[in-house]
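Asks: For reference, the structure I am asking about is given below.
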Amino acid sequence: METLLNGLDECGVRQPLNNWFRDFVTSRTYRVKVGDSLSAEVKVQYGVPQGSGCGPVCYLMYVNSLCGVLRHCSAYMFADDLCTLRAGTDLAETCRLVQQNIDSVVKWSHDNGIMLNADKTKVIGSPYIRSTGSPPPLYAHSFNCFHNNLSNCLCNPIEKVIFVTYLGIKVC
């Protein structure tokens, strides 16, 4: 909740509107009805009302700070998709910097309660690169892996592909 309220503040939504919004998202309850039976009220712990007009805008404000953790890549976001780009002439150094950014995104996601789907993460390399060796693998380490300081890492490398389709456009 604090991440969303901080995001609202960073986007210029300040007092008293920020306090009103805090009350709007924290002072809600729900009940479940099955047949003629009605459950007890339960306080809503997270989120904005489903179907509310402010839901998509709140999500964008919530993830707005994600771009701040990327130090070496350009970020392109649409809804819940993130595409990062990095170009360089030294393949090993470029991979090292990209790995730092991947690690930052994984940590940010965990700290902000967002599940990262590492299986959807792909790496595209240029077919024009002539390298004496293959580039080092990149990993979307699990948070457990970070807790163990990357020792005994069992994470799979990010899949290398020739192209991806991003927002309906084939990127090679």
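Asks: Can you name the condition, by its number, that LEU8 falls short on among (1) in contact with a helix residue (DSSP H, G or I) (Cβ under 9 Å, 6 or more places away or on another chain); (2) assigned to a helix (DSSP H, G or I); (3) closer than 24 Å to HIS141 by Cα; (4) touching a residue at least 12 places away in the same chain (Cβ under 8 Å)?
Replies: With (1) in contact with a helix residue (DSSP H, G or I) (Cβ under 9 Å, 6 or more places away or on another chain); (2) assigned to a helix (DSSP H, G or I); (3) closer than 24 Å to HIS141 by Cα; (4) touching a residue at least 12 places away in the same chain (Cβ under 8 Å) applied to LEU8, the lone miss is (3).
Asks: Further question on the same structure: If you go through region 95-109, how many residues are out of contact with any Leu (no Cβ under 8 Å at 6 or more places or on another chain) and under 17 Å from THR121 (Cβ atoms)?
Replies: Final tally of qualifying residues: 4.
Asks: Does region 69-76 include one or more residues that are over 30 Å from ASN149 (Cβ atoms) and either open to solvent by 80 Å² or more (accessible area, probe 1.4 Å) or in contact (Cβ under 8 Å) with a residue 40 or more places away in the chain (or both)?
Replies: Taking every residue of region 69-76 in turn, at least one turns out to be over 30 Å from ASN149 (Cβ atoms) and either open to solvent by 80 Å² or more (accessible area, probe 1.4 Å) or in contact (Cβ under 8 Å) with a residue 40 or more places away in the chain (or both).
Asks: Taking region 24-56 as the search range and keeping residues that are surrounded by 10 or more Cβ atoms within 10 Å (Cβ to Cβ) and hydroxyl-bearing (Ser, Thr, Tyr), which one is modelled with the highest pLDDT?
Replies: Ranking the qualifying residues of region 24-56, first place goes to SER39.
Asks: Any residue in region 3-23 that is loosely packed, with under 14 Cβ neighbours inside 10 Å and at pLDDT 90 or above?
Replies: no
Asks: Let me ask something additional. Output the qualifying pairs, or none if there are none: Cβ atoms under 9 angstrom, residues six or more apart or on different chains, first residue in region 148-172 and over 21 Å from PRO136 (Cα atoms), second residue at pLDDT below 90 and charged (D, E, K, R).
Replies: These pairs meet every condition: TYR166/ASP81; LEU167/ASP81.
Asks: Could you count how many residues in region 83-129 are touching a strand residue (DSSP E or B) at 6+ places or on another chain (Cβ under 8 Å), open to solvent by 80 Å² or more (accessible area, probe 1.4 Å) and assigned to a loop (DSSP other than H, G, I, E, B)?
Replies: 1
Asks: Identify all residues within region 139-156 that are part of a loop (DSSP other than H, G, I, E, B) and surrounded by 14 or more Cβ atoms within 10 Å (Cβ to Cβ); write none if there are none.
Replies: Once the filter is applied, which keeps residues that are part of a loop (DSSP other than H, G, I, E, B) and surrounded by 14 or more Cβ atoms within 10 Å (Cβ to Cβ), region 139-156 yields ALA140, HIS141, SER142, CYS153, CYS155.
The values are calculated or read from the model by the stated rules, or taken from the named source; none is laboratory data. All values reported here derive from a predicted model rather than from experimental measurement. We place every Cβ from the backbone using ideal geometry, glycine too, and count neighbours over all the protein chains shown. Side chains are part of the model used for accessible areas, which takes the heavy atoms of the whole protein and leaves out ligands, DNA and RNA. Shrake-Rupley method; radii C 1.70, N 1.55, O 1.52, S 1.80 Å.
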